[in-house]
Each structure stands twice: as structure tokens, then as C-alpha cells.
Amino acid sequence: MSKHTVTVTVNGQEVTREVDARTLLVHFVREDLDLTGTHIGCDTTNCGACTVHLNGTAVKSCTVFAVQADGGTVETIEGLAAGGELHPLQEGFWEKHGLQCGYCTPGMIMTAKELLANNPSPSEDEIRWGISGNLCRCTGYNKIVEAIQYAAEKLRAQESTEEVVA
Amino acid sequence: MIPGEFEYHAPASVAEAVGLLDRLGEDAKILAGGHSLIPAMRFRLAAPEALIDINGIADLSYIRDAGNHLAVGAMTREAELEHSAVVLERFPMLADAGRLIADPLVRNRGTLGGNLAHADPANDHPAVMLAYGATLVAQGPSGTREIGVDDFFVGLFESALAPNELLVEVRIPVPGPSSGSAYVKMERKVGDYAISAAAVNLTVSGGSCTAARIGLTNVSAVPRRATGAEAALVGNALTDDAIEAAGRAAAQECDPSADLRGSVEYKRDVTRVLVKRAIRTAMERAQGGGS
Amino acid sequence: MTHNPDSRQEMHPVPEGASATVETTDDVRVTTPDTICGMGHRMKRKEDPRFIQGKGRYVDDIKLPGMLYMDIVRSPYAHAKILSIDASEALATPGVLAVITGKDLQEAGDLHWMPTLMSDTQMVLPIDKVVYYAQEVCAVVATERYIAADAIEKVFVDYEPLDPVVDPFEAMKDEIIVRDDKEEKTNHIWHWEAGDEAATDQVFAEAATVVEESMHIPRIHVASIETCGMVANYDPVMGKMQLYMTTQAPHAIRTVFALVSGLPEQKIQVISPDIGGGFGGKVPVYPGYVVCAVASLVTGKPVKWIEDRSENLQADSFARDYHIKAQMAADADGRITGLRVKTLADNGAADAAANPSKFPAGLYSICTGSYDMKAAHVAVDGVYTNKPPGGVAYRCSFRVTEAVHMIERMADIMAHERGEDPADFRLRNFIGPDQFPYESPTGWEYDSGNYEAALQKAMDMLDYRALRQEQAEKRARGELMGIGISSFTEVVGAGPSRDFDILGIKMFDSAEIRIHPTGKAIARFGTKSQGQGHETTYAQIIAEELGIPAADIEVEEGDTDTAPYGLGTYASRSTPTAGAAGAMAARKIKAKARKIAAYLLEVGEDDLEWETDRWQVKGSPDQHKTIQEISFAAYTNHPQGMEAGLEATDYYDPPNLTFPFGSYICVVDIDKGTGEVHVRRFVAVDDCGHIINPMVVEGQIEGGLTQGLAPALYEEIVYDEYGQNLTGTLADYLVPTAVESPKWELGKTITPSPHHPLGAKGVGESPTVGAPPAIANAVVDALWHLGVRHIDIPITPEKVWRVLRNAGVND
Amino acid sequence: MNVSGDYVFEGSQDLVWDTLLDPEVLASVLPGCEKLELVGEDEYEGDLKIKVGPVQGTFSAKVNLVNIDKPNAYTMKVDGRGAPGFVKATGNLRLAADGGQTNLTYDGDAQVGGRLASVGQRLIESSAKAIIKQTMDGLNNAVVARVAAEEAGEEAPPPPADAAPSQAEFAAAVAKEVAKDLIPAPVRTVGIVVILALVLFVLYTLVT
């Protein structure tokens, strides 16, 4: 029925595409923009494998229409390693074996990124509740929590050095 | 699962949204957070011909201290309520519920207005607003009107809103001195609907209860207050027996359906236990200086 | 089909010279420096960089030019005749190219039926009747994913509903026949036995105490976060069929597909890219795969089919569903003397279990577990019901979870019946460390074990005796606390070719290593990781053997055009089979390297000794050639008369399976108001022989523990009496989140396998096998004094609540 | 799922029996009923468009009435099918005159299947209760109207013009019914025949 032109800044780059009103944001990211790092794992908004940031907030992109992102910003896993340098969360997941099959990892990392932005030194419980919208079937979550704690320390360390420098 | 086609409208103002509702009638649906509607559309169990996306309307998302009540815009996201200082400080029952709705990612999109207007007996806000005695402000073609929460939930997924009316604001009365409130929920796992939940708002003086409002979640077709449980408390000393009597009254007056979350008998007894726990927490909060 | 147990007595002779009683230690063996990173190092995984940057390549990420999309119309009835399929409106939709029905498959060469892994037959698409809810009925092929999704809503199937049979015990009465395509009109599929019935009866006759219990291990689902899918790409010009698919056993699928479709096997390439978790659910061939391949054949274009979550949960990848009646006998001293087990296996509409073909009940006869007893007898019957076919070996070496749950629950019931502490009861009944190799009464030969050491370590880790004291004090105050133990033994690494095959293909596995002139290497294997970290662990095995740094070894799997033939990854068989093949292939390379070193150093081969990464002259280590120098020489200066190059392949046929074990202790607190069970602590001590990468092993155990917690307290596929699946989405199939999953505490002991080249055993499944009974035992332990002896998993709050209220216990 | 209950109708047994078996009255009472025709000996066919909350579905329903013992009892078989799924129900209905009223008791079994049931399982029972109550109220209104008409000597009034009750009326009916439950009513004697609501509808909301 209704076709819409949407202009979205994706990982810092502005893109313009024609979409159906019903095109889900997750399909827009995967099929129209070929950013296949965002994954689909369910049809009931439960698993979180499709988590991206929409206008700076972590959302499940399978339950948002692409047309709702018009004029906004979307950040996906592919946008995290700025300038070839891994984000502390990517480093943490690698260092602490926070992933096995890798399918839930992009969504898990995007959720953790917002969690740490809101709460720079979360407790174990706050991390577990913070990622309770993201299902993982391989790891049993212990090492995901350790990976996020690793990233939190590194980000805090970076913060303090920046304060010293600034 | 892929939704069917529909016409998409993104009004910039409430008036424009209400105009669209009026014009398009029953085949148009409001799209707020969308986390109830979109999954139903993906399973083709809902196929509205048009969606009216009200996310673009600026002045519907706010948390304002309005003296004797907290004014919350209908499009306020659950996550904003969850992290709001005034809510954490002076509306602990709302804060209790805010952390237990679905999961953190859904709370970034789900809205207070959507949760209430949907009138799903399994949603958490209906019971909380019943216990607060909130007022809901609706705007239609001919202006706005106030609906008391006791009259808002009419049927299974049926609110008192007319087809061409939009919920725009929720007004939550500031709890009086020496009052205390709590929301206690039991769910099978994070993100599930409640097996049962109790929202209890008490005013206490000299160890006895002078006022009580109690809302229950997911144990009746229509969100309603547990008037029997309230009656068991008001005017009595808050002894263990009175608390047990209130729990029993709630268990008897609710009307749960059997499903994967439990049998009717089990849900009634859980309701009894949760009402008692919510009463005790509310009492502690009342004695602790009220809120 | 019955199976003669006696023929399996001579099953596993241990090769001469391998001493079975091996030392148990706690420390991980490390013989190579960090730079080489052989066995025992906590090496960061080589596969992670692509996953953490969203550059993994899963089946749904694959886009080919002109690719079409397929979607499937499914039955809303569990049992119904198909009167007609009206696809006219769908075909009239712009973008819809074809609707494929059972009749089309029949005409395309009788492809409407296919063999299952257990040599039964399964419908690809039905012609006259559907036999389970959500069964595939027909498929729509369209130019776009969204158009295909619209089109399936416009196909109208007229059904005549029939009464379904959903309860397996009802099914055994043959009042309703599920499979009327079979000549013998019965639902009874097979009967299978193991162990000596007469000896068992004798032991029961003499027993001082007999305990009996019935238990149902409910139907559960793999629910890996990626569902199943395929991109079939048939090139009509070259006659070549490329199948990108989510399969854990690409080679076996290629052979079966060749046999069924008639396409020549060299023209079929199965590519299993990155898989988003398999856990056994991606072993079988599902109807969607076959229809997708046929769609590509028919259209001459690539066709993509990706399951939705609800299709996956409702139509495939289910596991368990065993109805068990068990009896245990013990003498007056509390020694277990015998076990008698009767079981009914609900296979659904076809025996599509993923078992080795000689074992219709998988390795269920491991059910005597870690205990030394005189006699045991197991009898199992398989039956058809109106449910999806299966069951897969979900993170379990073919029915070992069902066996271990039964024996560990029975051990706890016997201990409690005798008023004994369950730990002391187990310590008395364990197979002693000096009894290995141990001949079990049901025909298994356990390679090595030290069960006391593992249980003692777990008890020490959480101060077991103090916990019992705390429990007693709390019980006196009316508080409910439980402590549960599970001391399991697994049998993994299928398996010796004399007994283990799938559809006749022997269950060896393979590795092929090729060293390049600059000393780097590429190694390909017949297995297929779905997250287990083979690209890292296999590299560490080769690094251990040849001293080539693991970082310099590229590991590949999953492409049948390049990888050597193998039986795939499931049942914790990768390390025991393909891992061993990697070691053996490396040793062949080391032998050739010795000849080249001898030639370069102008000494005899016997004058040389191997040291980490070089051949050196005995007594003067400065005279040596590193593996890198030897590799360069293999292409630039190899001895005349010897062929150039440095590579080897090995097809490893394990002489025996491996028997990992462990002891888990779980502490629970019970909410007397709501019946909720809270897991306060969970300690897991595992023994899987020598460890390749401790970090990866920890990840396998923690992941497996959460997949053991899931069926113990949360997950179950529920059918109503009409065969309707009521838990068909992740909103009702309760996969635990990080909040439900406890902070697991791990410990280890190391008892090497005497016959495995690296002394290693499989580990991926032990936690999923061992955890459920530990949790169930803890809950029953907390309630035993209220008169409850057993509660079936999942132990929901309502089940506990009913026990409490029936015993007069209130909040 | 077992569905049973009772209802009091304000009219004589014969009058209610006739009201009940009049397809026009039925069509006006069943929620979202767009058409209901008598197509054979005690056999009806109709289309029902059910809306509860955001979820709606169109069902084509076949209804057969069997073991009819006029005006005391009969059994109704229902087979409703649609894209969202299907409903198969059997209802045994018994009437007993009680002074000026008629006392109905009904019990039956309803099977809801397909996507509807797998996704909306939690709401099958509450939706069924809501639809049955709404149907009974509609029938009682029709009965009361006929009684009034007979007393005034006129013809039985045609069913209200707008055939299908709108959403708001549906809601009001349910609310009234639920409110009635709340007030601990004195034991009500129940009189008149009612039709078991044919189609159970399930609202699906997954996650707020």
C-alpha cells in the first residue's frame, strides 16, 4: 500500500531508501542496508538478538517499523568499532569468552552499551537485570556478565584518563 | 512473521491524531510503543487498515510535579518512569511496577498510556493506577474529559475511551502523609505476564488502617479493585489476622482463568499471599515517613 | 525390531598396553609456551573477531542474485484428512511463482516421503492426511520474503478433522492409528532391551529394600537462538546443487540427499556456514530443507527458506519425552544391587530420533550410572503419536539425560528411604577408581573414572556438612531448604565403527592437515562447530603435537567440497573423534618431518628426539630443525625419493567411547507462600580428562548448566488433549534469562582417558545431563519430610505449592 | 476446555425456545455476526467477524442442532474456521420453566486450535466467558422485547436495525455481567433457554 521515503543516519552515515510502511526496522537494516550483524531469533519480541540503538536508545528492531526511524539515527553492531579499534565491550566479550555461537552477541553488546552509558559501574545483579531482555542459549550468562564488567572497568579507566587530559 | 499492509499516518499534534481517529473509525489503530500491537500484526491476528503513529507528537511525553498530583504524559516511556527521581522518591508503588514490566528493551518503547488504554488485564499499570485512584485525561474531537480510573476499565480489552478519543495524560494523586504503597508481582520468568500481582495503597494512623485501595493484575477479565480486601482493612488494626482476612477476601473476590501460568485454585492462593506481602511492605513504608 | 543384547558383550576390547587405572589430578597439563599455545592454554578464541563485529555469516545472511523466498503453509490440526488445497488466490498474487504440494513432490520422483535417521519414513509434504499440529502442508515460492508471507495466508486447505492420539500410553492401545501408510496397523514402532533379565530378577528377589518410582522426562525444545534455514542454489547449466543450510552433519546430509534425490553426489555441495547454536536440533533433515531444494530445482533459481521461531518451536527439534518406570534394589548394608527400568518413548509421527542405528533408545542403557551393581535390565518401547517426529539428541549423547535423571533420582529416593545422607550413600556405592575399565551390567566398558574425588571436591567447595547442619536448623524453624546431589557418568564420542553407524555410515571422524612452506598450516575436519570453538581448540591440538603456534593454524569445517568426510558435531563427539583424528594426522606429519630432519641434519632417524616444536639430536639440542625449517625444506629441499609437501589425513575410529563424569551439588530455598524454588548455590565439579582450553571448557559447562536448569524448573512443550501445541512461542516456552540463571561455581578433576590419543573426553553435554537431577533432588530433599518422594520436572511453583498445601504447610 | 453455566431468562419456555431458534435473533446477538442463514434441517451457516482489543478474525461457521427435544433441550455442534485458526464446540442445553421465567443450564466442550490457540492461550477462557455472557444478555433482551410485544398485542419486534452489536455495546454488556458477579447476588433461579456462544475468540497480546 503506502510507500515511504525514509532518511536515516545509520552508523553515522545518512542513507535514503523507499520502504513499505510495514517494513520492519530489522529487515530494513538487514535486507535494504546489508548490515546482517543484527539478527532475528523470535517472533514475539522476547529474544533481543535484533537489538539496535534508535535515536540513542536500545530497542528490539523486530518490533519497530522502518518508517518510524525516518529522520532519526540508528546504530548497529557494525558501527561500534570506530576507526578499526574495538569498543571495550567487543574487547570484553572476546577477552572473557562472552560468546560461543555469536548469534545473540550483537544484540547483547548493543544492550550492554546502553546499560553502561546509564550506569558506569553496575553490580552483578544490575547487569543480569539489564540484559534480561536478551536470551543466550550457549553461554549460561556467567561470562557475559564478566565481559560487561571488563568493559565497565575499561570505560571508567578511559574516562578518568580523559578527565586528567581534558 | 511479517505484518500485513496498512496505511501509515504520523500526525504532529493530538488534534490531528484525534481527527484521523474520527475520520478513519474502527479500522485505524493508534501506534504508541507498539509492543502489543506489532506482535499481533506479525501473527496476522491483527490487520488494521491504518496506523496512526503518535510517537511524533512532542507534548505527550513528560513527568510533571503538579502540586497535589503527578502529571504524566501518555507517551512517557516505561523506562523514563523507571528511572525518574520523583517517581523513585515519592511514588514507590509505581517504581516497584516500573521495574517489572516486560524487560528493559521493551520498557524503552512501551508507554504508560498504551499500557492503560490497551486495558489488558495482564498489564501492570491498571492495578497500580486503581490503587493510586488516578485520573485519566482523554482528548476527543470536542475537547478533553477526565475519567476516574475506577470507571476506566470496562471490559476485556475495553476501556471507556470512545473510538475517536486519545488518552493524553495520567494524573496520580500524591500519597498523603502516613500512607504507604507497594506493588508485588509473581511472574514465571523475567518478561512474562503476572501469575498474579497486588497493588496496595494504605493510609495508617495509630497502627490501624484508615484508607485502603487495592488493585489486582491478571486475575480477572477486567482490571478492578479488590473491594472486599479493602473492607477487611479499613477501620481495623493492621494485625496479622486482619492482613490474612484481607488476603483471603482478595483470593475469594478475584476471578482468574486457568492457563499455563496456573490453575484457578493456585492463582487465588498466590493472590492471597501477594496481597499480604504488599500490605506489609506498604505498612513499613507508611510507618517509615509515608510515600 | 528387537535388539539382541548378548551380541554386544565383546563390544569394547581395550587395546593392549593402555593401563586403565590412571591417576586423577586437579591441575591442567600444559607442555607448550604461550607463544605456541598448545593444550591447556586459556587461548582467546580465533572465531570471535567476526562475531563481535557483526561479520558472522549465518544462512539468513546469504543473498544470491535472483534469489527467491519460500514460506510454508502449516496444519492447524494434529490429525486430519486433506480434502483439497486451493492455491488459486495465492498464485494470482503478483510475485508468487509456485505453490508446491505433496502431489508435486510425488510427481518429481516420489520426494513426498523421505527416510529418517532411524530408517523409518517421514512425510516431506502430505497428500492424504496430516499427522501433527504445524505439519508442513504446502509451500509458496515468491520473489520477496514479504510476498511469500502474504501468499501463505491466501492458500485455503479444506481439512476433515480426525481424532488425534496425544498420550503415548493411549497410543499403545492402537485405537487410533497414526501411520496408516504402514502395512502393520500399529503405533508400536520397536522394542529394545539391554542387560540380563534373569540375573536382575534374582537380585530383586534377594533385595533388602526395593524402591520404585514413575517419572516423565517431558518433551522439551532445543530453542537455539538461530532457527533452521536453507539457501538452495541449483545451477541448471552445470547441474550443480549448492545447499547452504543449518546442519551439524553436512557430509551425511549430502549422501542422504544424493540417495533420495538421485542427483550425483559429486554435484551436491552442502555448506554449513556459521551456525547460531545447534544442540542436536540441526542434525536431522527437516521437510522444509527438501521442499526448498526441490523449489530451486524446479525454478532453476536460488531459493531461501528461513523458519520463524513459532514454526521452529512447533514443528521440529524436540527432544526427550520418555515415560520411565524404575525400580532399584539394595541389600541390608545399603549397597545397590540391581536396577529394573521400563520405558515408553514418545517418538511423535515418525521415528526420526537422531540415534546411531543399532540403538533405537540411544545410549539409554548407561542408566546404571556411577554405581557398581550386580545386575540391571532395561526395556524400552517406541510408539507413534500425533506430535512432530523426533526426538533429537538435545545436548545429550543419545538419551543419556533421561538415563542419568532416572538413576540419580532413584539413588536419592533409596538414600532417603533408608534415612541416609545422599552423599554418604553415593560414596559407598561408587565404582571404585581401581575397578576401571569397568564392565557395566548393561554392556558398557567405562574407560576411566574417580567418582569419589569429584564428589568430595564438590562437598568441600560448599562445605557440605555445614549446609546439612543449616538445613536441620532451618527445618526446625519451619523454613524449607534442600540440598541435591547428582554424580553422573556420561558416555560420549560415538563411536567405534563396529557398533556405531548412522544409516550405515560408520561413525568415525576425520582431519586433514596441510603445512605450508612458511610453516603455517590449514586443517579441515569432518565435524561442524555450532559455537563450541573448534577453530581454536583443534588449532591447539595441532600446536600441542607439532609446535606450530595455534595462531598460525587455520581451521575450517562445514564445506563438503573441501572438508574430509565426517559424521558431524553432536553428542559431545568432536574432541573424542575428530580431535583424535587431528592428533593422529599431526603425528603422521611429525613422522615425515623426522625423516626430513634426519636428512637435513645428516643423522639417523633414531638419533633424533622431539622437543615441543623441533626434532633435535639426542644429547645435543643445538643440533635441531624446527617444524618451520622442516616445512620449508619439504618444498625446497626434500630428500630425493620422498614426495614433497607436508600433509596428512586421518580417519579416526575410536576403540571405545569416553566416559566423562562429575558431581554437582545444588542448594535451594523454597518460598512457602508461592512454592517458588530459588537456586541459592550450584557447584559443578566436572572431569573430562585432559583439557584442551580451560576457558572453552568453562563456557561449555556454564552454558550446559543453564540448559539443565531450563527443563528442571522452566521449559516444557505442552499439548492440549487435541494435540495443539500451547507453548509455541518464546512467550510461553520459558528459556531462562540471565536473572533466572544462577552464578555457576565450577570445579574440576582430571582423569585422562586411557585410549584417547590426547587423554581427552567430550564435555559439552555433561552439564545438561547432570544438572536437572541435582536440582530435582534438592527440591525433593527439602520436602521429603512432608511425605513427597518425587516431583516430575519442570518443577513449577504450583507443583511445589500443591505438596505444601496438601501437607498443611502454609505461608 | 469445559464451558458450563446457567442463565435466567425473563420469559416463558416456549417463547424463549422460538426466540432462540430464530436465525435473525441469533445473528443480532452473536458478536460480530455478519450473516447467519438456515441452510438445512437444523443447520445454520454464517460469517462472524470477532474483534477483541487489537485482535480480530473472520470465521465461517457451521452450526448443527441435534437430539432436539422441543422445548426442553438440544445439543449444538459448532465448527468455525478462519485464517487465525478454528473452533470446534459442542453444547448441551436444557431448559426448565420456573414461574414466568425460564431456567437454562448449559455445559459443553470447546476446542480452539491453530495460531489463535498457540499464541493466545492465556485468553481463551476469559474470552469465552466474555462472549458467552454477551450472547446471553443479547438473547435475554430479545426475549424481554418479545414478552413486552405479546403483552401489548403487537407482532414480535424485528431485531434492532444495526445487526452486529458494536464494540462499545459488547464492552458494556460484558461489564454489566461482570458487575453482576461482584455483587453477591442472592441465589438466582434460572429459567430460559440460551444458545452457547459458538465462536470463542482469543485476544492475543504478547508483551506490553
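The values are calculated or read from the model by the stated rules, or taken from the named source; none is laboratory data. Nothing here was measured: the structure is a model prediction, and the numbers come from that model. So basically every Cβ, Gly included, is an ideal-geometry build from the backbone, and we count neighbours across all protein chains shown. Ligands, DNA and RNA are stripped out before the accessible areas are found, and what is left, the full protein with its side chains, is counted by its heavy atoms. Shrake-Rupley method; radii C 1.70, N 1.55, O 1.52, S 1.80 Å.
For this structure, a couple of remarks:
- Nearby lysines by direct alpha-carbon distance to C:Lys672 (threshold 26 angstrom, same-chain neighbours under 8 apart not counted): B:Lys185, B:Lys189, B:Lys267, B:Lys276, C:Lys474, C:Lys743, C:Lys799
- Mean accessible surface per residue for the protein assembly as shown, computed with a 1.4 Å probe while every protein chain stays in place, in Å²: 32
- Estimated inter-spin distance, C:Lys325 and C:Glu197, nm [label 7 Å along Cα→Cβ]: 1.4
- With all pairs of separate Cα atoms included, segment C:137-281 yields a Kirkwood hydrodynamic radius of 21.4 Å.
- Per residue of peptide A:49-60, the mean number of Cβ atoms on other chains within 10 Å of the residue Cβ is 3.
- Under the Debye formula (equal points on every Cα, no solvent term), log10 I(q)/I(0) of the protein assembly as shown at q = 0.05, 0.08 Å⁻¹: -0.41, -1.07
- Bridgeable lysines around C:Lys387 (alpha carbons under 16 Å apart, same-chain partners fewer than 8 residues away excluded): C:Lys81, C:Lys129.
- Karplus-derived HN-Hα couplings along segment A:144-149 (A = 6.51, B = -1.76, C = 1.60, θ = phi - 60°), whole Hz, x at Gly and Pro: 5, 4, 4, 4, 5, 5
- Applying both filters, DSSP loop and at most 10 other Cβ atoms within 10 Å, to the GluC sites (Glu not before Pro) of segment D:1-79 gives D:Glu41.
- Taking label points 7 Å from Cα along the Cα-to-Cβ direction, D:Thr58 and D:Ala149 give a separation of 3.0 nm.
- Accessible surface for B:Arg261 stands near 10 Å², nearest 10, in the context of the full protein assembly shown (1.4 Å probe).
- Across segment C:490-495, computed HN-Hα scalar couplings (Karplus, 6.51 cos²θ - 1.76 cosθ + 1.60, θ = phi - 60°) run 9, 10, 9, x, 4, x Hz from first to last residue, x flagging Gly and Pro.
- Spin-label model distance (nm) - B:Asn55 vs B:Lys189, 7 Å beyond Cα toward Cβ: 2.7
- Ranked packing of C:757-766, B:24-33, most packed first, by mean Cβ within 10 Å: C:757-766, B:24-33
- For C:Lys618, the lysines whose Cα comes closer than 16 Å to its Cα, not counting residues fewer than 8 places off in the same chain, are C:Lys595.
- Each of C:Trp784, C:Trp190 has its accessible area taken with a 1.4 Å probe; listed largest first, they run C:Trp784, C:Trp190.
- Residues of segment C:153-196 with amide N under 13 Å of the 7 Å Cα→Cβ point at C:Glu439: C:196
- Take the Cβ atoms of C:Glu554 and B:Glu284, set R0 to 51 Å, and the FRET efficiency comes out at 0.20.
- Convex hull volume per residue in cubic angstrom - Cα atoms of segment A:1-123: 111
- Near the amide H of B:Glu187, within less than 5 Å, lie the amide hydrogens of B:Ile195, all on another chain or at least 5 residues away, with H placed in the peptide plane.
- Pairs from the list A:Lys96/C:Lys528; C:Lys325/C:Lys528; D:Lys51/D:Lys77; C:Lys63/C:Lys282; C:Lys342/C:Lys457; C:Lys154/D:Lys77 with a Cα-Cα gap above 31 Å: C:Lys325/C:Lys528; C:Lys342/C:Lys457.
- FRET efficiency for the pair B:Ser178 and D:Asp109, taken as 1/(1 + (r/R0)^6) with r the Cβ-Cβ distance and R0 = 51 Å, rounds to 0.45.
- As a ratio to 2.2 N^0.38 Å, the alpha-carbon radius of gyration for segment C:82-185 is 1.25.
- Computed log10 I(q)/I(0) for chain C at 0.05, 0.06, 0.07, 0.11 Å⁻¹: -0.27, -0.40, -0.54, -1.26, from the Debye equation with unit scatterers placed on every C-alpha and solvent omitted.
- C:Asp196 exposes around 80 Å² of accessible area when a 1.4 Å probe is run over every protein chain in place.
- Residue-by-residue Karplus 3J(HN,Hα) for segment C:704-719, coefficients 6.51, -1.76, 1.60, Hz, glycine and proline x: x, 5, 5, 7, x, 4, 4, x, 5, 10, 10, 8, 6, 8, 10, 10
- Cα coordinate range in segment C:603-680, projected on the principal axes (Å, largest first): 83, 31, 25
- Relative contact order %, chain C, counting alpha carbon pairs below 8 Å whose residues are six or more apart: 17
- Pairwise burial C:B, computed as accessible area of each alone minus the pair, summed, 1.4 Å, Å²: 2200
- Heavy-atom accessible surface of chain C: percent carbon and sulfur, 1.4 Å: 51
- Counting 0.36 nm for each residue step from C:Thr35 to C:Ala472 and taking away their Cα separation leaves a gain of 152.0 nm.
- With a 10 Å cut-off around each Cβ of A:126-134, the average count of Cβ atoms from other chains is 6.
- Of every Cα-Cα pair in segment C:600-751, the percent that sits beyond 25 Å: 62
- Per-q log10 I(q)/I(0), segment B:1-131, q = 0.21, 0.22 Å⁻¹ (Debye; single scatterer per alpha-carbon; no solvent): -1.29, -1.36
- Sparse-neighbourhood loop sites, trypsin sites (Lys or Arg not before Pro) in segment C:533-630 - DSSP loop, at most 13 other Cβ within 10 angstrom: C:Lys618
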